[in-house]
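Engineer: My structure is below; once you've seen it, I'll send some questions.
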Amino acid sequence: MKSIYLDYAAATPLDKRVLKAMVPFFSKVFHNPSSVYLAARQARQVLEQTRATIAKCLGAKTGEIIFTSGATEANNMAIAGTMRQFPDGEALVSAIEHESVLEPAKQFKHRLIPVDKHGLVDLNKLAKMIKPKTVLISLMYVNNEVGTIQPLAKAAQFVKEVRQQRLKTKNDQPLYFHSDAAQAGNLFDLHVGRLGVDLLTINGGKIYGPKQSGALYVRAGTSLQPLILGGGQEFGLRSGTESLATAVGLAEALKLAQAKKTGELKRLQQLSNLFSNQLKSQLPEATINGHDKKKSPHIISVSLPGQDAERLVMELDKHGIAAAVGSACSASREDPSHVLKAMGLSEPMIRSSLRFSFGRATTEADIKTTVLTLSKILAK
Ligand code: PLP
């Protein structure tokens, strides 16, 4: 039985070229970049070149990239690192953010930005929610459960206008704009200038790089407090001896992913269309969640009324097909998806929802086999 992996939104395999780039930094170049002798200085040089590669991919300056242990840490750093400085301040975070944004936001005054039934934030509503005490807006790039893409550049325009207004009214409270781009790196533009963000989260484990690798882009001038204190590495924002292998892996993965993003987007769009067409013809009762057009093609969330998604995932697994119930990134699956709930789905519909996510090795045959297998399971 051929196994079919359709859970790329949870984890991607390491690209062979990435592994090759990482290998020397596990053994040959093991030195601490903060030491003073030649080998250590060479390690420091590699680390800084790596930072520069990432900065280039994002259209940022080298000093604006902070290495982290993944998207969770980068999101925590963005939320808590800004909010801690403003005890009276408030954060606005979208209701469909990943838990690594929602949970740190709960430590501070915050409100949830509602989404419509497609998982899209209404910018007019967002604009009305911004108050003089708002410090941070966090709006994810691509949602990890349904794939909806948020209008970041337009939201950034609002942020800019609010800042200008604050200048006029002598309100010196900063307003920062953060986006979690953990699901966007393979297919979409990450240029921070075009996106208009002050803080951007990226993740290696979703772009064929190493797990526990990531970075936070911090626009120069953004005031951030460190969460991890110690030796003062990463410009004092993230202490701890740097992992050169992980950083090199992240940079290589990002470079490769961004270089092939246009072709990959087209290919996955075709696969996504094929999936929905097959679904329509073989399982007409199924509905696809998320926006029709403003959606990443690598994620399809399907509701199958009357079915139990967990059972279906287990049945699919018996046939060698790996799919997910909502997001695999939260360890506890007790609660029904907060994303689908925010989109207005009823609890039974949420419990009937599966997530399929596609990647570099996904083929047309995989899609056809999956939908056929699903319809056979349901026919039983
Ligand atoms: N943000 C989004 C949108 C995600 O999809 C994930 C994981 O799936 C994360 C953050 C957390 O990433 P990590 O577990 O690698 O820290």
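Engineer: Check the stretch 216-237 and report whether any residue there is within 16 Å of the ligand (Cβ to nearest atom), open to solvent by less than 20 Å² (accessible area, probe 1.4 Å), at pLDDT 95 or above and under 19 Å from the mean Cα position of the chain (by Cα). Break it down stepwise before answering.
Structural biologist: Going through the stretch 216-237, the residues within 16 Å of the ligand (Cβ to nearest atom) turn out to be 216-217, 227-228.
This time we only want the ones that are open to solvent by less than 20 Å² (accessible area, probe 1.4 Å), so: 216-217.
Then keep just the ones that are at pLDDT 95 or above; that gives 216-217.
Filter once more, keeping what is under 19 Å from the mean Cα position of the chain (by Cα): 216-217.
Among the residues of the stretch 216-237, at least one is within 16 Å of the ligand (Cβ to nearest atom), open to solvent by less than 20 Å² (accessible area, probe 1.4 Å), at pLDDT 95 or above and under 19 Å from the mean Cα position of the chain (by Cα), which makes the answer yes.
Engineer: If you don't mind, there's one more thing I want to ask. Could you list, ordered by first residue, the pairs with Cβ atoms under 7 Å in which the first is in the stretch 2-15 and open to solvent by less than 20 Å² (accessible area, probe 1.4 Å) and the second is more than 16 Å from the ligand (Cβ to nearest atom) and of a type in the set (D, E, K, R), at least 6 apart or interchain?
Structural biologist: Ile4/Asp366
Residue-wise test of (1) in the same structural domain as Phe358 (by TED's automatic domain parsing); (2) within 18 Å of the chain's Cα centre (by Cα); (3) within 23 Å of Met22 (Cβ to Cβ); (4) within 16 Å of the ligand (Cβ to nearest atom).
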residue	(1), (2), (3), (4)
Ile207	no, yes, yes, yes
Glu242	no, no, yes, no
Arg267	yes, no, no, no
Asn277	yes, no, no, no
Glu285	yes, no, no, no
Lys293	yes, no, no, no
Ser301	yes, yes, no, yes
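Engineer: Quick check on Val248: is it more than 16 Å from the ligand (Cβ to nearest atom), open to solvent by less than 40 Å² (accessible area, probe 1.4 Å) and within 17 Å of the chain's Cα centre (by Cα)? Steps first, answer last, please.
Structural biologist: Details: more than 16 Å from the ligand (Cβ to nearest atom): yes; open to solvent by less than 40 Å² (accessible area, probe 1.4 Å): yes; within 17 Å of the chain's Cα centre (by Cα): no.
Judged against the criteria, Val248 is not a match.
Engineer: Could you check the stretch 113-137 and list, in sequence order, the residues that are in contact (Cβ under 8 Å) with a residue 40 or more places away in the chain, within 29 Å of Ile300 (Cβ to Cβ) and of a type in the set (Lys, Arg)? Lay out the reasoning, then the answer.
Structural biologist: Quick first cut of the stretch 113-137, residues in contact (Cβ under 8 Å) with a residue 40 or more places away in the chain only: 114-120, 130-137.
Now drop any that are not within 29 Å of Ile300 (Cβ to Cβ), which leaves 114-120, 137.
The answer is Lys117, and nothing else.
Engineer: Say we look at the stretch 176-205 and pick out the residues that are β-branched (Val, Ile, Thr) and within 12 Å of the chain's Cα centre (by Cα); which of these is farthest from the ligand (Cβ to nearest atom)?
Structural biologist: Top of the filtered list is Ile202.
Engineer: Determine the pairs where a residue that is in the same structural domain as Leu126 (by TED's automatic domain parsing) and within 18 Å of Thr68 (Cβ to Cβ), located within the stretch 100-112, has a partner that is of a type in the set (D, E, K, R) and within 16 Å of the ligand (Cβ to nearest atom) with Cβ atoms under 9 Å apart, the partner being 6 or more residues away or on another chain.
Structural biologist: Ser100/Glu73; Ser100/Asp180; Val101/Asp180; Ala105/Glu97
Engineer: Could you say whether any residue in the stretch 16-28 is part of a loop (DSSP other than H, G, I, E, B), of a type in the set (Lys, Arg) and over 15 Å from Thr246 (Cβ atoms)?
Structural biologist: Taking the stretch 16-28 and keeping what is part of a loop (DSSP other than H, G, I, E, B), we get 26-28.
In the following step, the residues that additionally are of a type in the set (Lys, Arg) were identified as 28.
This time we only want the ones that are over 15 Å from Thr246 (Cβ atoms), so: 28.
The answer is yes; a qualifying residue exists.
Engineer: Of all helices (runs of 4 or more DSSP H) completely enclosed by the stretch 269-378, which ones contain at least 3 residues that are open to solvent by 50 Å² or more (accessible area, probe 1.4 Å) and under 30 Å from Glu103 (Cα atoms)? Talk me through it step by step, then tell me what you get.
Structural biologist: Working: elements: 309-318, 338-342, 347-351.
Because the criterion is at least 3 residues that are open to solvent by 50 Å² or more (accessible area, probe 1.4 Å) and under 30 Å from Glu103 (Cα atoms), the helices (runs of 4 or more DSSP H) in the stretch 269-378 that meet it are 309-318, 347-351.
The values are calculated or read from the model by the stated rules, or taken from the named source; none is laboratory data. All figures in this text were calculated on a predicted structure; none of them were measured in a lab. Please note: Cβ atoms are built from the backbone with ideal geometry, for glycine as well, and neighbour counts cover all protein chains shown. For accessibility, only protein heavy atoms count, side chains too; no ligands or nucleic acids. Shrake-Rupley method; radii C 1.70, N 1.55, O 1.52, S 1.80 Å.
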